[in-house]
Amino acid sequence: MKNALLCPVCGEALTFTEKTAVCPKRHSFDRAKEGSVNLILNGSATSGDDPKMVTARKNFLGCGHYDHLPQELYEELLPYIKNGSTVLDACCGEGYFTNKLAKSFSEADFYGFDLSKRAVRYAAKEAEGSVFFAANISSIPFADGSVDILTHIFAPVCDSEFFRILKDDGIFVHVFPGKDHLMGIKELLYEKTRENDEDPSVSDIFELVSTKKISKEIMLDNKSLCDLLCMTPYFYRTPKDKLEEVMALPSAKTVTEFVINIYKKKI
Ligand SMILES: [Zn+2]
């Protein structure tokens with residue numbers, strides 16, 4: 001398998017051994033037993049995700065509630081992915097979508113990274129050939145113009161860095177929540193609900209090629225409802241008594257809404 005990762009200290013190519021990734025200048029980075037490698041320097045950034053949130057998201061996604069999204073992404077990526085394409089999933093979390101897509105496109109080389117070391121360890125555990133690493137989104141250890149397809153699902157955008165690592169004919173696939181995403185859950189939690197701001201926050205260094213919105217109603221049992229609440233900011237924003245009341249409900253239903261925007265570099 002090809003390896004496109006660079007040493008975050010000197011920028012030279014990294015070589016994988018069983019327990020480390022090393023560069024020719026002998027900068028060395030530990031690999032977890034699951035295979036993921038930590039490329040965050042000096043332990044500077046601590047993970048954005050607490051263990052509870054990581055586990056909740058893994059459980060929730062594992063129940064298949066969002067499986068229509070990778071199916072849709074498969075269709076969207078089909079015209080672009082070629083034999084040997086380098087695909088990078090930025091802020092991949094536990095790699096749920098990365099691993100699903102990698103399975104559908106075995107002819108491409110998949111990479112995924114997240115700030116959370118814990119999350120990429122989970123991701124690597126389930127991986128079949130994909131490379132997972134911990135890194136900061138503002139300093140992605142890939143060479144300029146080395147990525148064919150960059151996917152970015154539900155996370156804040158760092159578009160200047162995305163621009164740098166994408167090939168000139170590469171694409172940036174941005175997935176973010178539509179205005180009514182999880183409205184059914186919000187209605188349970190709050191008296192007054194607000195639509196999501198359907199703003200992709202991508203600057204004009206990129207040009208929009210296509211946009212698609214997918215909506216689906218999902219039914220949640222109590223376990224999935226609790227997992228969903230734990231993986232969203234609502235968990236911290238809702239008064240405790242209200243949160244407990246909703247987490248005791250036997251079931252709930254809500255609409256889910258995803259927007260898939262595909263961009264190319266404006267050059
Ligand atoms: Zn180095």
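The values are calculated or read from the model by the stated rules, or taken from the named source; none is laboratory data. None of these values were measured; they are calculated from a predicted model. Because the Cβ atoms are built from the backbone with ideal geometry, glycine has one as well, and the counts that use them run over all protein chains shown.
The set of residues in segment 6-18 being surrounded by 14 or more Cβ atoms within 10 Å (Cβ to Cβ) and away from the ligand (no atom under 11 Å from the Cβ) consists of Phe16 alone.
Kindly indicate whether any position in segment 26-36 is closer than 21 Å to Glu161 by Cβ, assigned to a loop (DSSP other than H, G, I, E, B) and touching a strand residue (DSSP E or B) at 6+ places or on another chain (Cβ under 7 Å). For segment 26-36, residues closer than 21 Å to Glu161 by Cβ, assigned to a loop (DSSP other than H, G, I, E, B) and touching a strand residue (DSSP E or B) at 6+ places or on another chain (Cβ under 7 Å): present.
Per-residue answers, yes or no, for (1) in a helix (DSSP H, G or I); (2) touching a Ser or Thr at 6+ places or on another chain (Cβ under 7 Å):
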| residue | (1), (2) |
| --- | --- |
| Asp204 | no, no |
| Met219 | no, yes |
| Ser224 | yes, no |
| Leu243 | yes, no |
| Lys253 | no, no |
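Exactly one residue out of Ser36, Ser85 is buried (at least 19 other Cβ atoms within 10 Å of the Cβ), away from the ligand (no atom under 16 Å from the Cβ) and hydroxyl-bearing (Ser, Thr, Tyr): that is Ser36. In segment 21-33, of all residues being within 14 Å of the ligand (Cβ to nearest atom) and among the hydrophobic types (A, V, I, L, M, F, W, C), the one that is surrounded by the fewest Cβ atoms within 10 Å (Cβ to Cβ) corresponds to Val22. Taking the conditions exactly as written (charged (D, E, K, R), more than 17 Å from the chain's Cα centre (by Cα) and modelled with pLDDT of 95 or more), does Lys167 satisfy them or not? Criteria met by Lys167. Residues in segment 98-138 that are assigned to a loop (DSSP other than H, G, I, E, B) and more than 16 Å from the chain's Cα centre (by Cα): Phe105, Ser106, Glu107, Ala108, Glu128, Gly129.
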